[in-house]
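**Student:** Starting off with a structure, shown below.
A short reminder: the numbers here are calculations on the coordinates, not readings from a lab. These numbers come from a predicted model, not from an experiment. Neighbour counts are summed over all protein chains in view; Cβ atoms, including those assigned to glycine, are modelled from backbone coordinates with ideal geometry.
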Amino acid sequence: MHTLRRYFVAGLLVWIPLGITLWVLNLLVAVMDQSLLLLPERLRSDALFGFHVPGLGIILTLLIVVSTGALAANFFGQKLLDFGHDILTRIPIVRSIYGGVKQISDTLFSP
């Protein structure tokens, strides 16, 4: 009985991290696939191919992030971001959330 319990626990130690990892990846892909809703319906994979292609939202999300980065890296984009930052810091509840997240991201991602 002791050996069976040890094998069971060892199996759980293999499957639980693997299962949670797959669940989180599935969740991330599903969330990023929601970005496809930004596209007109005729451009979505369902209409183009006749079936849903999971993961295309990752490509669209990466394109949005890179495009935003390119915009933010120039003078006009920086002025636009400063304007948006000023607006967000004037809204009481948003200010505390945005300020905290901005401070953490600036710390983690500053060159």
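**Student:** Just the number: Rg to Rh for the stretch 2-109, Cα atoms, Kirkwood Rh, two decimals.
**Tutor:** Using only Cα positions, Rg/Rh for the stretch 2-109 is 1.18.
**Student:** Karplus couplings for the stretch 7-23 from phi (6.51 cos²θ - 1.76 cosθ + 1.60, θ = phi - 60°), rounded to Hz, Gly and Pro as x?
**Tutor:** Values per residue, Gly and Pro as x: 5, 4, 5, 4, x, 4, 5, 8, 7, 5, x, 5, x, 5, 4, 5, 5 Hz.
**Student:** Any idea how far apart VAL29 and PHE8 come out in nm if each label point goes 7 Å out from Cα toward Cβ?
**Tutor:** Distance between the two pseudo-spin positions: 3.2 nm.
**Student:** Mind checking the angle between helix 92-109 and the chain's longest principal axis? C-alpha axes, 0 to 90 degrees, to the nearest 10.
**Tutor:** Helix 92-109 sits roughly 70 degrees off the main axis of the chain.
**Student:** A follow-up question, please. Can you list the HN-Hα couplings for the stretch 36-44, worked out from phi with the Karplus curve (6.51, -1.76, 1.60; θ = phi - 60°), rounded to whole Hz and with x for Gly and Pro?
**Tutor:** Once θ is set to phi - 60°, the couplings for the stretch 36-44 become 5, 5, 6, 7, x, 4, 5, 9, 7 Hz.
**Student:** Can you work out the Karplus-derived ³J(HN,Hα) for every residue in the stretch 69-84? Use 6.51 cos²θ - 1.76 cosθ + 1.60 with θ = phi - 60°, whole Hz, and x for glycine or proline.
**Tutor:** Working through the residues one at a time gives x, 5, 5, 5, 7, 9, 4, 4, x, 5, 5, 5, 5, 4, 4, x Hz.
**Student:** Here is a further query. Which value at 222 nm does the chain reach when only helices count, each DSSP H run of 4 or more adding -39,500 (n - 2.57), with the total divided by all residues and rounded to the nearest 500 deg cm²/dmol?
**Tutor:** -26000 deg cm²/dmol
**Student:** On to the next question. Quick check: pseudo-label points 7 Å beyond the Cα along Cα→Cβ at ALA70 and ILE20, how many nm apart are they?
**Tutor:** With each label placed 7 Å out from Cα toward Cβ, I get 3.9 nm.
**Student:** Now for a different question. If each residue of separation counts as 0.36 nm, what is the full-extension length gain between ILE59 and LEU88 once their alpha-carbon separation is subtracted?
**Tutor:** 7.6 nm
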